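Q: Pasting a structure here, questions to come.
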Amino acid sequence: MGHMGHTCGEPNEVELTAAQGLGHRSFSGLHRPHLPFHVPASFPDETGNVVNQWDKYGPDEDIALPKHAAAPTGMPGIAFTYELDGKTEVSVFGDAHPIPGPDNPTDACPFCGPPLPDNATRWMRKGYYLAVTWIDYLAGRIIGELEARVVGRSI
């Protein structure tokens, strides 16, 4: 089987193989939509037109802030750095901020800081929305290719 894609690129090709009486098989991997976000700003929308997906979500000030800015008290230490591969800062468009922690610092996260500034929080949320849209687009391409190759069968 060929390489299906990576965190930023599109699947190169959906390859199907027929095994002895087992039908078709497809193997693919999509990076979960979590930090770090490696997503192109522009890619086709549901109509096939290439659009700037970042702009699709509107002005930054329209992105809602979370109800709770701080992490929950008692959150395990691994949860603070898992997505960041052990880093103690989060970078938002070049601005470094301490990883946001609980209101009451604990031994679980001695390096955690206050909640991110509102603009950074909105950019992170917008980035997450974009990452989910990108994964949805890639999954749709894979399913579309499967449907095109396996005509008349439900997948």
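Q: Could you list, in sequence order, the residues of the stretch 111-137 that are touching a strand residue (DSSP E or B) at 6+ places or on another chain (Cβ under 8 Å) and small (Gly, Ala, Ser)?
A: Correct list: GLY113, ALA120.
Q: Identify the single condition in (1) exposed (fewer than 13 other Cβ atoms within 10 Å of the Cβ); (2) in a helix (DSSP H, G or I); (3) at pLDDT below 85 that ILE143 does not satisfy, given that it satisfies every other one.
A: (1)
Q: Step by step: first the residues of the stretch 58-68, then only those that are touching a helix residue (DSSP H, G or I) at 6+ places or on another chain (Cβ under 7 Å) and hydrophobic (A, V, I, L, M, F, W, C), then the one that is surrounded by the most Cβ atoms within 10 Å (Cβ to Cβ). Which residue is that?
A: ILE63
Q: Of all residues in the stretch 53-91, count the ones that are in a helix (DSSP H, G or I) and modelled with pLDDT under 80. Show your work before the answer.
A: As a first pass, look at the stretch 53-91 and keep what is in a helix (DSSP H, G or I): 53-56, 60-62, 78-84.
Still in the list and also modelled with pLDDT under 80: 78-84.
Total satisfying the criteria: 7.
The values are calculated or read from the model by the stated rules, or taken from the named source; none is laboratory data. Small disclaimer: the values here were computed from a predicted structure and weren't measured. For neighbour counting, all protein chains shown are included, and Cβ atoms are generated from backbone atoms with ideal geometry for every residue, glycine included.
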